[in-house]
Structures are given as structure tokens and as C-alpha cells.
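Mind having a look at this structure? Questions to follow.
The values are calculated or read from the model by the stated rules, or taken from the named source; none is laboratory data. The shown structure was predicted, so the numbers you read here are calculated from the model rather than taken from an experiment. A quick note on method: Cβ atoms are made from the backbone with ideal geometry, for glycine too, and the neighbour counts reach across all protein chains shown.
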Amino acid sequence: MAKRNVTRFELTGGYQIKVWFKNGRSGEVDIGELTGFEGDYYAPLRDPAYFRQVTIDEDFGAIRWPNDADIDPLALYAKATGTPLTVRV
């Protein structure tokens, strides 16, 4: 799973982020579309200044914000690369 960890990102305008993953793949994601900005954690991301405070959580391989809102690297990878997200039970 670590191959899908985020290694870097670039804000590309609005709520768009281009992300690069450990396995070399990359893609662009609309975070507003992905999160819906709903709930206590994601609502602050509507503020463009707050949104730009995004960083990489080195331990988890996710992008995150100061309030600990984050996006799971597997979900981000699926959206950015068009790869189906599979669940193992």
C-alpha cells in the first residue's frame, strides 16, 4: 500500500491539487469534489487561505491540513489515476 503514498503535490488553482505517488504515478484531483467540504474537518477547506495550508503527512503518506483533516492516500490515488478503489474483506 505504501506505493500509493503521496510524495509531493502542487496546488494548481481553485481546489485542484496535482499529486505524485511513491510508485511514480500522478494525477490531478478536485478536493472539493472529493470531500464535498462536509463535516467538521472538511468545512474549513472552503477558505482558500486555509486550503493552501495543505502538507504531506510523512507517516501516513496522505495530504493533510492543520486541523488534522486528511485524505486517505488510497482514495486519493484512485481518484487521481482513475484506478478503481477495491475493498478486501
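The rows are residues; the columns are (1) modelled with pLDDT of 95 or more; (2) in contact with a strand residue (DSSP E or B) (Cβ under 7 Å, 6 or more places away or on another chain).
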position: 12; (1), (2): yes, yes
position: 20; (1), (2): yes, yes
position: 32; (1), (2): no, no
position: 39; (1), (2): no, no
position: 49; (1), (2): yes, no
position: 54; (1), (2): yes, yes
position: 63; (1), (2): yes, yes
position: 69; (1), (2): no, no
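When the residues of the range 71-86 are filtered to those that are exposed (fewer than 15 other Cβ atoms within 10 Å of the Cβ) and over 18 Å from residue 42 (Cβ atoms), which remaining residue is modelled with the highest pLDDT?
My answer is 82.
Let me ask something else about it. Take the range 60-89 and flag every residue that is of a type in the set (Val, Ile, Thr), without any contact (Cβ under 8 Å) to a residue 12 or more places away in the chain and within 15 Å of residue 25 (Cα to Cα).
Of the range 60-89, the ones of a type in the set (Val, Ile, Thr) are 63, 71, 81, 83, 86-87, 89.
Within this subset, residues satisfying the condition of being without any contact (Cβ under 8 Å) to a residue 12 or more places away in the chain are 83, 86-87, 89.
Hit for the range 60-89 is 83, nothing else.
For (1) assigned to a strand (DSSP E or B); (2) under 20 Å from residue 86 (Cβ atoms); (3) touching a Phe, Trp or Tyr at 6+ places or on another chain (Cβ under 9 Å), each residue gets a yes or a no:
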residue: 3; (1), (2), (3): no, yes, yes
residue: 10; (1), (2), (3): yes, no, yes
residue: 19; (1), (2), (3): yes, yes, yes
residue: 23; (1), (2), (3): no, yes, yes
residue: 33; (1), (2), (3): no, no, yes
residue: 45; (1), (2), (3): no, no, yes
residue: 50; (1), (2), (3): no, no, yes
residue: 53; (1), (2), (3): no, no, yes
residue: 63; (1), (2), (3): yes, no, yes
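Can you pull out the residues in the range 33-57 that are surrounded by 11 or more Cβ atoms within 10 Å (Cβ to Cβ) and either among the hydrophobic types (A, V, I, L, M, F, W, C) or closer than 20 Å to residue 5 by Cα (or both)?
Listed by number, the residues that qualify are 34, 35, 37, 43, 45, 51, 53, 54, 55, 56, 57.
Residue check: is residue 63 within 10 Å of the chain's Cα centre (by Cα) and buried (at least 19 other Cβ atoms within 10 Å of the Cβ)?
So residue 63 passes the test.
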